[in-house]
């Protein structure tokens, strides 16, 4: 299954980042029976005209790193277990038709819109007077003067017009081209901003009405199971004299959009969407610096994004017969909500409900232990134990592109992500930020009591070394694999054992 | 579990068995009039060769499988065990030799000391043999003292 | 699965190795006990008996060491002991075959001819009676000894052993048995040898004067020749026998009957003889057994000689470390009489080494053994020999095992002139001079100087025995091989 993940706007990028972190940890979509979805490829496409958006840039870099790391680990394999399990590809990578020209990035090319002022884009100057008058009634002057490469600045009315053009883009054609029976589409957008709020319904509408378009696979595409997570307002803005984006507007815009969605996307009689996930939080986040786009939107990661990132994974796991009838027509829209088990401002694993914990706890803990291990233990172990088994991990390894990308790029981003979520409100405290002692790293979870009732079981670099030594000794499959795979796979297996054996069980 | 390692183990056991079987020959490379004959008569060459085979194998077994610790997996840790073997084997050998000799009214202090100093070398050789016979399956120390 | 196969394989390999090692070094408790006895030089019958009890305690385990009757078989044990003894350094010999001879019986043949009566005359000191009594008393089963009276034939003694021992005048009480006027050696020896059972020890008490019937006008020389041939002929038929002749001196008070001469009264010393006859093996075992020490060396014996004594090996070893050693050598591990890396002393170039040997089994007296003249030495470089009896004060801690049980130290010294050399020493078995000295060709003159110490025709008679067994050779030969 391919899951085309259309992340729209700044929120889309940030949710995608959380999804990358989860994927890096090895969280995989599973079906109702808990079995991983086979042959899964996630094709993220970021739709945001605001290319200098910091969140977009960070996510794009992370996507590139993820892809590079995963290719080193598993090549083109799908269905793998462990860190970086989900295969994430660009549209270009899976496209076989070379007649369609697209670039090999995760970003949807919005050339047509991003360099123009809105008034030029809609041809304001060429309109007759009556139309100009109507347009002036619909759009404020500053909106008409907006250059769209900074996004739609909280103006869904602009976005809805501009993003309607996407259906004519090469990327959209390429998507249609590779889209096959069984593939799914998932949207990530915020309901209260500009780009997302506008783009989501329009793109859904374009897909469902694909029969009118000049593209391949129209029939399959228009019946595609489509899901979406709609992020309700969750962040606050610092007070500013410029009122183009206003927190007060968020609620109003949200209300209007919800009504609109109800009518057009999730209507009882005409469900365009197969599944919708609503995520929001009444707890007010720390105010983000006001920035309508010019200086690069850069917002702290937030719990809501982490939760939202679970939505596409959940969506991928829903059985076909719950989404479509035998002809492929959408059934009544499935709507999902998310709740914490405890309404606390400090969120750790125990704050989540059991089902969430069962999905994210073990992978995230293992990934965090990997993070700590690479920081504190790994280098000094080169030349000993498992590193000496074939394929040997030599001291050159730590200067390799893979290792540097993993530690200096990806892990740094991971650390930032954790810190940002920690600093935010609600404060996500899955792990104790800055704590290098593995025994105390998981917030609210202790290591088990010692075997004879004295002290506690110990989780440290030596415990990992020992476990990895043992696993490496007992595996003869690594000699045919890369050192990168060996290191991460061994660690993953060791971590599985240690997490289960030595930490208290909270699942 | 490579075949090659199995061969090392078998060779190691065979070498050690040969040492025990031909311990007397090994020890009499340094022949001392009188002392060597008494060692032969009291079957001490066999006793000492068995000790000299057992101590290194036991030590290697303990090091690779009982201790088997990542905190004790460096070459210098192995050297510590080697040093212990080179201490314990001759001391044990001396005690046994001396007690049997004394029971028979013999006293060969200087000869015994020289003998045990040489035996120390055999113990070291056998510890190397034992190490390279059994290390391969140790989870933490199979790359000690030198990587595979 | 692979792991299981692996574990099984390893276990099998280790088990096979351990099994091989164990089986190669496994010794039974008996083998251990034998080795220990040999190493401790405790080669006594008591120790041998303890070995037998080990065998007897586990008949199933040691069934190949048992006789058909279920008794420990000393001969088979001897073989095992030899095998183990030969692996020791120096090799240790323990002749346990002799223990196979159990329950020896003693028969005394008491010559009652006219010339014997004066030995037990009431006025004499009674050395003859004393000697016979000693034979009986010092023979372990002497109380069951048989006593026969011998002259023209063999006759039974009518009394008991106690009667015999308490009898003050044995000749008086046996008067009238047989014909005392002559002694038929042919008949007597033939009969003794014929009736002798394997474990029997026969002792003829006699003056060994051949006095057949009807010798009138027969020349003494003819008689001597007859005596000589007779002895040879008789003993030739009994090759497995050994004869030990002890010469003793006794007081003689009474009439002496010279050959073809007029009897005369003689009062003084006269030799008489104890002729011990038994299977060679029985003699060997008695010689090696302390219980027979006094029986084998009668008090008062002035000379002794054993006929038909096979050359035998003796326990010996080179002392690796001895005060008299000079130069350097190394004793070969497998051959204790092979010295390698021999080098003379740096200043004198003399190589001197000592062989400790156990010579007491040769049934020679101390004087004979200590006399270097009785040894015949052969070497290419002219080694010399010194013989020193071993005494316990020579023992030091580390030499004890070499010296213990040995009786003589044979010290060889010489300058080795060849790369390889052999030094051979033999203790020669020559026809003893004392027999010649004690032999007379006439016995008519009691005042002759040698009348008191000689016996008529002794040389001819004993020489005949010697001819029967073939004399010469040596009692033992020790060869030390030297290599540079």
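Coordinate-derived values only; no laboratory data. Only a predicted model underlies this, so the values are computations on that prediction, with no experimental measurement involved. All Cβ positions, glycine included, derive from the backbone under ideal geometry; neighbour counts span all protein chains shown.
Mind grabbing the base-10 log of I(q)/I(0) for the stretch C:316-428 at q = 0.09, 0.17, 0.21, 0.23 Å⁻¹? Debye formula, identical points on the C-alpha positions, no solvent, two decimal places.
-0.23, -0.84, -1.25, -1.43
Starting from the alpha-carbon convex hull of the stretch C:72-205, give the projected area averaged over all orientations, in nm².
Hull-based average projected area comes out at 10.8 nm².
Angle check, please: helix B:75-103 long axis (alpha carbons) against the longest principal axis of chain B (alpha carbons), in degrees 0 to 90, nearest 10.
Roughly 20 degrees, rounded to the nearest 10.
Report the Cα-based extents of the protein assembly as shown along its three principal axes, largest first, to the nearest Å.
196, 65, 54
When you take every Cα atom in chain A, what is the radius of gyration, and what is Dmax, the widest Cα pair distance, in Å?
Every Cα atom of chain A included, Rg and Dmax give 23.7, 88 Å.
Within 10 Å of each residue's Cβ, count the other Cβ atoms and sort C:412, A:431 from fewest upward.
C:412, A:431
Can you give the angle from 0 to 90° between the axis of helix C:458-469 and the longest principal axis of chain C, with both taken from C-alpha atoms, to the nearest 10?
40
So how do C:29-38, C:379-388 stack up, highest first, on mean other-Cβ count within 10 Å?
Order by mean packing, descending: C:29-38, C:379-388.
What FRET efficiency, computed as 1/(1 + (r/R0)^6) with R0 = 35 Å and r the Cβ-Cβ distance, is obtained for residue A:252 and residue A:344, rounded to the nearest 0.05?
Result of the calculation: an efficiency of 0.75.
Report the gain in length on full extension from residue C:103 to residue C:442: 0.36 nm times residue separation, minus Cα-Cα distance, nm rounded to one decimal.
117.7 nm
Helix-only estimate, please: 222 nm mean residue ellipticity of chain A, summing -39500 (n - 2.57) across DSSP H runs of length 4 or more and dividing by its residues, to the nearest 500.
Helices in chain A give a 222 nm mean residue ellipticity of -13000 deg cm²/dmol.
With each run of n ≥ 4 DSSP H residues scored as -39500 (n - 2.57), what mean residue ellipticity at 222 nm is computed for chain C after dividing by its residue count and rounding to the nearest 500 deg cm²/dmol?
The per-residue figure over chain C is -9000 deg cm²/dmol.
First measure r as the distance between the Cβ atoms of residue C:168 and residue C:58, then evaluate 1/(1 + (r/R0)^6) with R0 = 45 Å and state the FRET efficiency to the nearest 0.05.
My answer for the efficiency is 0.25.
If I stretch the segment between residue A:129 and residue A:117 completely, what's the gain in nm (0.36 nm per residue apart, minus their alpha carbon distance), one decimal?
Result: 2.4 nm gained on full extension.
Quick one: compute the contact order of the stretch C:316-428, relative version, from alpha carbon pairs under 8 angstrom and 6+ residues apart, as a percent.
30
Which residues does a label at residue C:481 reach in the stretch C:324-346, if reach means a backbone N under 18 Å from a point 7 Å past the Cα toward the Cβ?
The answer is C:329-343, whose backbone nitrogens lie closer than 18 Å to the label point.
To the nearest 500 deg cm²/dmol, what mean residue ellipticity at 222 nm is calculated for chain B from DSSP H runs of n ≥ 4 alone, each contributing -39,500 (n - 2.57), summed and divided by the residues?
For chain B, the value works out to -23500 deg cm²/dmol.
Give me the inter-chain shielding for B:132-143: mean count of other chain Cβ atoms within 10 Å, whole number please.
4
Please report B:75, B:136 as a ranked list, fewest other C-beta atoms within 10 angstrom at the top and most at the bottom.
B:75, B:136
State, in angstrom, two size descriptors of chain B derived from its alpha carbons: Rg to one decimal place and Dmax to the nearest whole number.
16.5, 53
Once fully extended, how much extra length lies between residue A:504 and residue A:404, figured as 0.36 nm per residue of separation less the alpha-carbon to alpha-carbon distance?
Gain on stretching residue A:504 to residue A:404: 32.7 nm.
Mind checking the angle between helix B:109-134 and chain B's longest principal axis? C-alpha axes, 0 to 90 degrees, to the nearest 10.
20
Roughly speaking, what is the centre-to-centre gap between the stretch C:308-322 and the stretch A:55-130 when only Cα atoms are used, to the nearest Å?
106
Does the stretch A:408-507 come out rounded, prolate or oblate by the C-alpha gyration tensor, with a ≥ b ≥ c the root eigenvalues, rounded set by a/c under 1.5 and, if not, prolate when a/b is larger than b/c and oblate if not?
Oblate, since a/c reaches 1.5 and b/c is not below a/b.
When the Cα centres of the stretch C:93-160 and the stretch C:233-300 are compared, how far apart do they sit, in Å?
Each part reduced to its Cα centre gives a spacing of 10 Å.
Across peptide C:396-402, what mean number of C-beta atoms from other chains lies inside 10 Å of a residue's C-beta?
If you average over the peptide's residues, the count of other-chain Cβ atoms is 5.
Using every alpha carbon pair in chain C, what percent of pairs falls into each 10 Å bin from 0 up to the bin containing the largest distance?
Histogramming chain C at 10 Å steps yields 4, 17, 23, 21, 16, 11, 5, 2, 1, 1, 0, 0 percent.
I'd like to know how the stretch C:323-387 sits against the 2.2 N^0.38 Å rule of thumb: what's its Cα Rg over that expected value?
Here the Cα radius of gyration is 1.30 times the empirical estimate.
What relative contact order, as a whole-number percentage, does the stretch B:3-137 give when Cα pairs under 8 Å and 6 or more residues apart are counted?
39
Just need the relative contact order of chain A here, percent rounded to a whole number, with Cα pairs under 8 Å and 6+ apart.
17
Would you list the P(r) distribution for the stretch C:23-100, with all Cα-Cα distances sorted into 10 Å bins from 0 and each bin expressed as a whole %?
19, 56, 23, 1
Apply 1/(1 + (r/R0)^6) to the Cβ-Cβ distance of residue B:87 and residue A:449, taking R0 = 35 Å, and write down the FRET efficiency to the nearest 0.05.
In this case the efficiency is close to 0.35.
Going 7 Å from the Cα of residue A:64 toward and past its Cβ, which residues in the stretch A:80-110 have a backbone nitrogen under 13 Å from where you end up?
Of the residues in the stretch A:80-110, A:104-107 have backbone N under 13 Å from the label point off residue A:64.
Taking every residue in C:67-79, how many Cβ atoms of other protein chains lie within 10 Å of its Cβ, on average?
0
Give me the distance between the Cα centres of the stretch B:36-75 and the stretch A:326-346, rounded to whole Å.
Their Cα centres are 68 Å away from one another.
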